[in-house]
Every structure is written in structure tokens, then in C-alpha cells.
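The values are calculated or read from the model by the stated rules, or taken from the named source; none is laboratory data. What you are looking at is a predicted structure, and each value in this text was computed from that prediction instead of being measured. FYI the Cβ positions are ideal-geometry reconstructions off the backbone, even for glycines, and counts take in every protein chain you see.
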Amino acid sequence: MSEIPGTAGDVVWQSSPPGSIYDYIRVASFSIGPDGLIEQWSRRAAGLFGIAAAEAVGMDPVEAFMPAELRTDGRHKVGEILDGKEWTGLVPFRIPGENGVHGLAEIYVMPSETAGGERAALCIVVDVRALRHIETDLAASQAIFGQSPFGFVLFGTDLSVIRANQRFATVFGGRAEDHRGRTVEDYLSGPEADRLNATIERVLATGTSVTDLQLIGTAPGEPGSRHWSMNLYRVHSGSGRPIGVAGLATDVTRRHIAAREAASARRNLALLNEASARIGNSLDLETTARELLDVAVPGFCDLASVDLYQGLLTGDDAPPGSWDSLRQESVGTSAELRRVAQASAVSDALPGIAADTGSPELGSVHRFSFGSPCAIALRTGHVEDVLGDDRGFVQSTLAVPMVAHDTVVGLVQFSRTKGSEPFGERDRALATELAARAAVCIDNARLYRREHERALILQRSLLPPGDPVAAGLDIACRYLPGNTATEVGGDWFDVIELPGHRTALVVGDVMGRGLRAAVAMGELRTAVRTLALLDLEPAEVLSALDEVARGLGTPGGGSASGGGSQWPSRAAHKSREADLSEVYLATCVYAVYDPVTRRCTFANAGHLPPAVAEPGKAALLLDVPPGMPLGVGGEPFEEVEVELKEGSVLALYTDGLVESRDHPLDEGLDALRGALVDPRRPVEELCDHVLTTLDTRHGEDDIALLVARIQGLPAEAVGDWRLPREPRSVGRARELARGRLFAWGLDDLVDTTELLVSELVTNALRYGEGEIRLRLLRDRTLVCEVWDAGLVQPRRRRARDTDEGGRGLQLVGLLSEAWGSRRMPRGKTVWFELALPDGEPAAELSIEQLLSMY
């Protein structure tokens, strides 16, 4: 109890000082006289039991408050107390005026004596319900401070920390107890600390809570700034007195970064959208460069300039960006460039950006020093950072090569002045995209100026680059154009990889010479590759190719510069005018080789027969029905399947190899068979031997030669199993695949292969028909095939959020290098392909790929 002096000099006894425990618990007292009746009744007892003193005095406490079933024991206890025994216990009591509501009191009874020496008792009563509330509140408080995943801190009225939880201490170091007594200045610096202190004072004074107060600071031992969102509210004692301010802090650094990145992404998308609409509206080089700067300044940067190769502007035959390195080294600079555009969003700013440009004027021709960032960017095709100017006006510059179709056509420089945000990685990517879009438009203008390229370059660009590689085949190819540089023919060959390690071998010849024949050859070769990817049978490929060939002569039906081939209807083909049409005829042989069975399926469209030479035997010409040339139409094509022996050589060729004006065709074919008499020599030597042995009279016609030695896949590289149509076949398929991969030493592919095999076999059980066949092939890659008799081709779709399935093929597409399906004579095959391990860890799926499945 505390004493507080009154105004008249008397001492005033205060019942409970602010913050006392009696603010929270309900304590009452009363006394029992010698007769067992209530003799004294405190005010707190009146509040607890709801009975005034005038009414309570003289009442029997047992009869008045205790339930009927406990009154007998109650009177017994009262008798013992009046006999001089102390007693403490829990006593339920009936609250008057509230029917059916009982309280629970903890009573401490002390025997006493009256002035006359009679025995009485003093009773101290505590409401147990209040104690339980306190216990619950303490447990809740401990849970909030001790178990909350957020940082909790309690500031006192002096703005110092009274209490902090462990999560708060985890961020700022030490134990939770170590933060007691600290102030805001210990965690934040400068204006942030002042702002938080002012906010706490306002909450303490007004009682108005503050939510989502954004604070920026640093955590000990961590680089960079952290962002916190803090909620503040005033805390009161049991009597309602403010005792401090509680703060709940949440780390929102990631959310802040994500919001900033989202804003940046939206800005970048808007710039790209604007660039798509505004760049490339003309075929003029200088106009396109100015359109680029109109988009970039000031939306992306403060200063910008565009330099293009002088040779590109003057129509030099040398492709831009492919300048002789010796020439660069000899003069110690880059090739000549001309400044064609520049822009500035800053008043009085020099348009020359980079420090090493010497601030060239608009329209001037200049060079970059050989070791400068700009010259390096031009040589490598990669973005380079350029140091700011000596005045400190420019703080960040990007030198971005303008690359179109792997060709550097010039350089654009983007700069930001002091006070602007420096360029980041996203900005570098956006700058590259802007420069690339402008470069494509500039390159299109260049291509428009050079509309007629040399036909021989076109011819060679349509042939397969390098030495083709195929599973189970050792291949060598030769192409010899005619000796007239201004005229080329329509000969071509191609090697196309098909699913299941199969290979399509193609040799064809468009009748005629010159640019038109070369263009027709290019369209037919492209069509062959497209049809091959559909995995059609050889006869079906030639039938579709025949339609393409007939469409080439239709007015508006297709040309290299006419916007692509169209497949005309038969009515249009018959009704076209003779003077406007042009007939394109071509011969072609199309073969599909399976290295597992060493079987090759041929289809021929008026071409010369393939030649096969087996070890120790004379070479033979295969009896493949020739069919009609492509473009004639009206006749079906036939297929022939031939099993080729290990080590034999297959030769496909055009008529320029075996036919000339001086020698009939039969003599040329016999000479070819004789040249293939020793198929065991390397195929490269065999090709050279054939070309030097035959009297080709080279120069009269183009020559295409494709030689392939048969090397079937070994039996140990093939796993082939048939599975019954029952659910347990899924598990059996996984076991078979796992065992074979372990045997091949492909442990790294086991998990992925098991998962994808399970998906394909499950689909075959669910949607297919008949027996299921599983096949694994190991060559340069791992191929898995699942066959069934069903004819319905699988279709990849996007599953709805509520679908329990439908994501199997999406999973196959994400985890495999390639996948697909093909029709079979009696069903279909679904396959996928995986790259063999190279010792590097497998790439993980990105967030965007995972989300694409949902």
C-alpha cells in the first residue's frame, strides 16, 4: 500500500497503485460471526457476488451461495473453522440473480475472535475465473512473442525496448533479452529512426494504430538494404493505462524487389511494344536509326547515338560485321562507321556519348580504337560497358552491337546521366532487344538493296552443312556445281534425322538450270524436311512432294519471293492459263533407314536406282519402281523394303554422275558399279574414288553423290519388350527400363526415363489398344518408344486447375530433348529422346516451365 498526502495534510490510503496486481485479479473479503452468519461484507465481495452489504450481513453463506448438493459439506467445514481450524480450498458458489450460473472461488479462511472472546472467521476470496483469464493471457502473450514468425517488439513510454521476441533478435543479432533497453537509433539510422520515433510517439499519444509503415535499414552482417513493413498499436494495462507501443515487423524485401522488377518489366514491355510499332516503317537505314532513338530517348535513357558500318551504307559487297581482322590490326582501329542518328533528352548535353568516340558529329565517318569497349562490342557481338565522361556528366553507358541474323551492322550507345538509375541486367537485356529489332529492320533494308544475290551462294546454302552424322550410318557427301558461275542447277541431297534413330536419305534433281531451278530445289528440299518431320511413309512423302512441285508453276502459287508456297486445288491446277504457268519437274529418291533392323525403305519419283555394294560381292542396282517425276501427278508411288547387310555401302546420286553427251546412261551405271567394287575403304575415300574413276565430263551438269556405309546398332544397344495390356505393365516397364539403363551405365537418366516411360505406358493403357511394346535405343542419344495398336494420336493440351490428370505429355515435353508420335501400319508409336550424360549436372526446370503445366 502506498501513502499519498492529501490537500489538508491528512494521509490518504490508496487501495491499489496503478499497475498493481489487484488491477487484474478480483480479491474480496468477508467475516463470519460466532453464529455462522455473515458479520462483515466488503465492497469487493459485493461486486464479486452481486449482493450489497445490507443484504449480505446476517445471511448464512452456505445457504446463500453454495449449491444444494454441497451445503451439508459446507456447514461441516464452517463448523470446523469456528472450532479454530484454518482452511484453504476451491468452493463453487451460486451467483444470485443468475439462474444456473455458478462461480468458482478460492477461499482462505482464518479463525478469529470477537471482542468478547467468541470464535469467528475472516475469509479472503479470489475469483478463480480471473486467475484463469490471467493465465490464458500470459500464455497468449508468450505464444505471440515466443512463437510468432514475425518480429515482435514492445516499446515503453520512454521509447526504449521493453521486450523483443527471438525472431526480432535473429535479424538484429544476439538474444532476445539483449535488446531490452535499446532504442530505435540502435537499429535504424538518420531520417528512418526519426520517422519511427515520431510515429511511436503519435501512437502513444493518440492511441491510433499505424499499419504498413515502410522502413529501410540494414541487418548486421548482411549487404544491401532491407525493407520492413511495421504495424504499431498502443498497449494498455488492466486499468486502461497506456504502458507502451507494440510493433509487428515483417521483412518485405523480396516483395519490394518483386514490385520493382514488375514495374521495370511493365516499362520494358511497353517500350518493346512501342518499338514494334514505330521501328522499321521504312526501308531507309537512317530513318530506321532515328526511329530507334525516338523510342529509347527519354523512355529508356537520356542520351543515345547510332553508328552504322560505312560499307553497309555504300553498298559494299562485304557483309557488315565480317571485316578482315588483319585490316583492323594493321590500322589499330575498327572498320569505318558513320554516325547516322543521335538524340538527347538533356538540355545542353553533348550528343557524343562514349569517351572514346571523340564526340563525332552527326554524319561524320569515324573509327573506334581497337581496344575500346565499342570496338570490342562490334567484334564480339556482346554488350559492353563504357566509362563515363571526364566531367562526370554521364554515369552509365551501354555499347550495344546491332546484330541481325548473326551479322553486326552497327552500334548503338545508350547513356544515362548523373542522377538517373544506373543500367542493370534487365536494362542490358532490353537494350539488346531494342538494338536487335532495329538491326533486323536495317538488315532488311540492306537485303532490299541487294535483292539479287549470287545464285551459287543460294545453291550452297541449301545443302547440308558439313559431314552429316546419322545413327548406324557412316556418311560422306559430295556436291559439284556446274562450271558456269552464273548458272546453277537444281541438284540436292539431304540427311534428315528421324525419331527412333532412323535416318531419311534424300537425293533429287530439279530439271532445268539457273536461279529458278535453284529456287524450286530449295522449296522442294524445305518441303521434304517438313514432311520428314511428320514421319510419313516414303511413298506418302513423295505424293505430298508431287503436290508441292505442281504448285510451284501455278501463278501466285509459290516462289522464293512470293511469300511462300501454296498447295493449289486440282481445279485451279487445271484452269490456269498455259502462258502464265511454268512446269517444274523433278526426280527424287527418298529412303528411310532403321539401324535396329538394318532395313531401308525406298520410294522413287523418276530418279536413277540406288546402288548397293556388299563386301566381297559386285555392286547391284536396286530394283525400285521409278514412278513418275514430281510435278507430273496422277500416279501413285510404290515402296520397296530392303534388308542391308552389315558393312555394305549404299550410294544415291544424280544423273550428272553417270550420264553425259558422250556416254550412254548404261555405261555410266556400269562404271558406278565398278567403282563401288571395294566398299571396305573409308567412305570419304570411296566418294573421291567414284568421282575420279567415272568420266563425268564435269561442267555439263551438277553432281550430287551420297555414300553411306551400313552399321546397324549392336544388339546390346537395343532393349525390346512386349507387355500385356494390364495395369501392372506400368511397373514392369519401369523395372525393364531401369535395369537396362543400369546395364548401359546411364544411371543419371534412370529417374527421368522411369518417369517418362511410366507416363507413356499409362497413356497406352488408358487410350490405346492391344498389346504394348517398349523399346529403348542407345546411340548418340537415348530413345524410348512405346507402341500400341490404337490409331488415335496423342495430343498435348493444357490441363485445367481442377483436372487431376492431363499433364503427362506436358511433363514429357519439359523433361525430354524431343518427343512425338508416328503412325504405324497397325497402330502408333509415341517416343521421346534424352541426351546422354556429359558429366555436367542436369539443368533444373525453371519456375516458368513448372507454372506452364498449370
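Of the residues making up the stretch 53-68, those that are at pLDDT 85 or above and crowded, with 17+ Cβ neighbours inside 10 Å are 56, 60.
Among the residues of the stretch 765-778, is any modelled with pLDDT under 90 and β-branched (Val, Ile, Thr)? The answer is no, given that none of the residues of the stretch 765-778 is modelled with pLDDT under 90 and β-branched (Val, Ile, Thr). None of 28, 45 is surrounded by 17 or more Cβ atoms within 10 Å (Cβ to Cβ), under 26 Å from residue 116 (Cβ atoms), in the same structural domain as residue 93 (by TED's automatic domain parsing) and touching a residue at least 60 places away in the same chain (Cβ under 8 Å) except 45. Exactly one residue out of 281, 273 is closer than 25 Å to residue 414 by Cα and part of a loop (DSSP other than H, G, I, E, B): that is 281. If we scan the stretch 291-301, do we find a residue that is at pLDDT 85 or above, in contact with a Gly (Cβ under 7 Å, 6 or more places away or on another chain), within 21 Å of residue 365 (Cα to Cα) and among the hydrophobic types (A, V, I, L, M, F, W, C)? Checked the stretch 291-301: no residue is at pLDDT 85 or above, in contact with a Gly (Cβ under 7 Å, 6 or more places away or on another chain), within 21 Å of residue 365 (Cα to Cα) and among the hydrophobic types (A, V, I, L, M, F, W, C). Residues of the stretch 359-374 include at least one that is under 21 Å from residue 294 (Cβ atoms), assigned by TED's automatic domain parsing to the domain that holds residue 309, buried (at least 18 other Cβ atoms within 10 Å of the Cβ) and modelled with pLDDT under 90.
Only residues that are part of a loop (DSSP other than H, G, I, E, B) and in contact (Cβ under 8 Å) with a residue 40 or more places away in the chain: list them for the stretch 202-234, please.
Going through the stretch 202-234, the residues part of a loop (DSSP other than H, G, I, E, B) turn out to be 207-209, 218-225.
Scanning the stretch 202-234 gives 219, 220, 221.
Filter the stretch 626-646 down to the residues that are surrounded by 15 or more Cβ atoms within 10 Å (Cβ to Cβ), free of Cβ contacts under 8 Å to residues at least 60 places away in the same chain and not aliphatic (A, V, I, L, M) and list them by number. Residue satisfying the conditions is 626 alone.
Yes/no per residue for (1) surrounded by 13 or more Cβ atoms within 10 Å (Cβ to Cβ); (2) touching a Gly at 6+ places or on another chain (Cβ under 8 Å); (3) assigned to a helix (DSSP H, G or I):
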{"site": "51", "(1), (2), (3)": "yes, no, no"}
{"site": "70", "(1), (2), (3)": "yes, no, yes"}
{"site": "73", "(1), (2), (3)": "no, no, yes"}
{"site": "79", "(1), (2), (3)": "no, yes, yes"}
{"site": "93", "(1), (2), (3)": "yes, yes, no"}
{"site": "107", "(1), (2), (3)": "yes, yes, no"}
{"site": "117", "(1), (2), (3)": "no, no, no"}
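Going through (1) surrounded by fewer than 17 Cβ atoms within 10 Å (Cβ to Cβ); (2) modelled with pLDDT under 85; (3) on the phi < 0 side of the Ramachandran plot one by one, residue 256 falls short only on (1). Polar (S, T, N, Q) and either at pLDDT 90 or above or outside the structural domain of residue 309 (by TED's automatic domain parsing) (or both): does that describe residue 395? For residue 395, the condition - polar (S, T, N, Q) and either at pLDDT 90 or above or outside the structural domain of residue 309 (by TED's automatic domain parsing) (or both) - is not met.
Does residue 601 meet the test of being modelled with pLDDT of 90 or more, over 24 Å from residue 490 (Cβ atoms) and part of a strand (DSSP E or B)? Yes; evaluated as a whole, the condition is true for this residue. Among all positions in the stretch 235-258, there is no residue which is closer than 30 Å to residue 446 by Cα and either of a type in the set (Gly, Ala, Ser) or part of a loop (DSSP other than H, G, I, E, B) (or both). Do we find a residue being surrounded by 17 or more Cβ atoms within 10 Å (Cβ to Cβ) and over 26 Å from residue 541 (Cα atoms) anywhere in the stretch 615-624? Yes, that holds for at least one residue. Scanning the stretch 654-692 for residues that are under 54 Å from the mean Cα position of the chain (by Cα) and among the aliphatic types (A, V, I, L, M), we see that the one that is nearest to residue 475 (Cα to Cα) is 683.
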